[in-house]
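Q: Take a look at this one; I'll ask things after.
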Amino acid sequence: PAVTSPCKILKCNSEFWAATSGSHHLGTEEAPEFCTALRAYAHCTRRTARTCRGDLAYHSAVHGIDDLMVQHNCSKDGPTSQPRLRTLPPGDSQERSDSPEICHYEKSFHKHSAAPNYTHCGLFGDPHLRTFTDTFQTCKVQGAWPLIDNNYLNVQVTNTPVLPGSTATATSKLTIIFKSFQECVDQKVYQAEMDELPAAFADGSKNGGDKHGANSLKITEKVSGQHIEIQAKYIGTTIVVRQVGRYLTFAVRMPEEVVNAVEDRDSQGLYLCLRGCPLNQQIDFQTIRSAQATEGRARRKGPSLPAPPEAFTYETATAKCREKLPVEDLYFQSCVFDLLTTGDVNFMLAAYYAFEDVKMLHSNKDKLHLYERTRDLAPGNTAPSGTRPALWVALLCLSQCWLCLS
């Protein structure tokens with residue numbers, strides 16, 4: 001059965017914004033109705049508080065409710081039934097096309113200098129992470145983990161077991177918080193879950209709100225329920241979210257200046273896209289893959305686990321992955337690994353689309369394919385950057401021979 005999140009903050013957000021669409025355009029006579037909806041919103045968040053402790057969208061909503069209560073002079077005591085308010089009038093700022101220059105990253109920050117350096121991060125499959133520095137890792141990271149956290153936005157993913165009792169995990173929930181920025185955008189929350197890939201922010205809008213540069217943040221639905229793209233021009237960032245099978249994939253293109261815009265540099269190591277997964281959360285799937293190939297049968301990452309619903313052998317898995325990924329790079333190897341550990345052919349498509357997103361988002365076309373190792377070595381045992389594993393082994397052998405001769 002599909003794993004669903006017990007945190008229902010997305011439902012609370014949707015109910016509130018559906019009830020209050022256009023209320024900020026209403027006169028003071030409508031304030032009581034707005035306060036009624038706000039109290040209902042607060043009541044909804046309290047009901048789900050216990051299951052939302054680690055959810056960024058939940059904490060953002062709680063703080064937002066307190067601010068709105070003060071702004072509209074609302075009492076915390078009173079009716080909580082949801083009123084039906086008017087919808088946005090025609091010609092509202094949601095349709096605005098003009099935008100100040102500061103809300104276009106390249107125009108405002110790089111008008112008289114070279115184009116910014118863009119970086120890419122992606123997360124897909126069981127789960128495989130490509131960091132902003134083009135390090136490729138396969139990780140466990142079960143539960144909620146911060147993917148990005150800087151001065152402009154936060155991204156958090158939740159990974160859940162693919163099958164009961166398995167250590168194989170995949171992304172079942174994604175929360176993105178765009179922080180309020182000057183006259184460009186209001187704070188916006190985007191949240192996706194398994195079988196729920198909205199084409200709008202949690203408040204029902206598709207852009208940055210009521211500020212003058214609202215359209216510097218926009219959501220576009222590419223394929224209904226399967227593929228959305230978020231353009232944040234004010235920070236030069238593009239985000240792609242997909243649902244492939246039951247699970248989500250994430251890809252982002254972001255300027256280095258934005259990646260490194262953090263107040264607390266000492267805590268940067270916590271963010272997966274920047275520093276990768278902790279060493280104790282990384283899996284060297286190449287070692288497991290070799291064992292699987294030798295045994296000639298499917299095998300799980302955990303001991304004594306039940307067989308996948310559709311068991312792949314190493315040979316059938318590689319043949320299946322070659323249908324979409326002809327180059328035997330780490331995306332191909334990730335595909336093989338995921339088919340062997342999950343038996344779910346949708347993981348092949350996740351690897352394929354992850355590479356398609358790399359081709360679209362990565363600024364250096366010479367670095368699309370990766371062939372490096374998939375797990376960091378312990379300190380003091382690190383291979384030179386960019387050295388192929390086979391070459392490194394050869395160098396070690398030569399050094400041993402030289403010692404013997406001397």
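Q: Is it the case, given these coordinates, that LEU26 is at pLDDT below 80, of a type in the set (A, V, I, L, M) and under 26 Å from the mean Cα position of the chain (by Cα)?
A: no
Q: While we're on this one: Restricting attention to the stretch 52-92, report how many residues are surrounded by fewer than 16 Cβ atoms within 10 Å (Cβ to Cβ) and either touching a Phe, Trp or Tyr at 6+ places or on another chain (Cβ under 7 Å) or at pLDDT below 50 (or both).
A: 8
Q: May I ask you to list the residues in the stretch 314-338 that are buried (at least 19 other Cβ atoms within 10 Å of the Cβ) and either under 22 Å from the mean Cα position of the chain (by Cα) or under 17 Å from LEU370 (Cβ atoms) (or both)?
A: Hits for the stretch 314-338 are CYS321, LEU325, LEU330, TYR331, PHE332, GLN333, SER334, CYS335, VAL336, PHE337, ASP338.
Q: I would also like to ask the following. Which of the residues belonging to the stretch 328-373 are among the small types (Gly, Ala, Ser) and part of a helix (DSSP H, G or I)?
A: The answer is SER334, ALA350, ALA351, ALA354.
Q: While we're looking at this one, here's another question. So which residues in the stretch 192-213 are open to solvent by 60 Å² or more (accessible area, probe 1.4 Å) and under 19 Å from VAL240 (Cβ atoms), if there are any at all?
A: Passing the criteria: ASP195, GLU196, LYS206.
Q: Next question, about the same structure. Does THR171 satisfy the condition of being assigned to a strand (DSSP E or B) and either open to solvent by 20 Å² or more (accessible area, probe 1.4 Å) or touching a residue at least 12 places away in the same chain (Cβ under 8 Å) (or both)?
A: Details: assigned to a strand (DSSP E or B): yes; either open to solvent by 20 Å² or more (accessible area, probe 1.4 Å) or touching a residue at least 12 places away in the same chain (Cβ under 8 Å) (or both): yes.
It is true that THR171 is assigned to a strand (DSSP E or B) and either open to solvent by 20 Å² or more (accessible area, probe 1.4 Å) or touching a residue at least 12 places away in the same chain (Cβ under 8 Å) (or both).
The values are calculated or read from the model by the stated rules, or taken from the named source; none is laboratory data. All values reported here derive from a predicted model rather than from experimental measurement. Every residue, glycine as well, gets a Cβ built from its backbone with ideal geometry; the counts of neighbours run over all protein chains shown. SASA here: full protein model, heavy atoms, side chains in, ligands and nucleic acids out. Shrake-Rupley method; radii C 1.70, N 1.55, O 1.52, S 1.80 Å.
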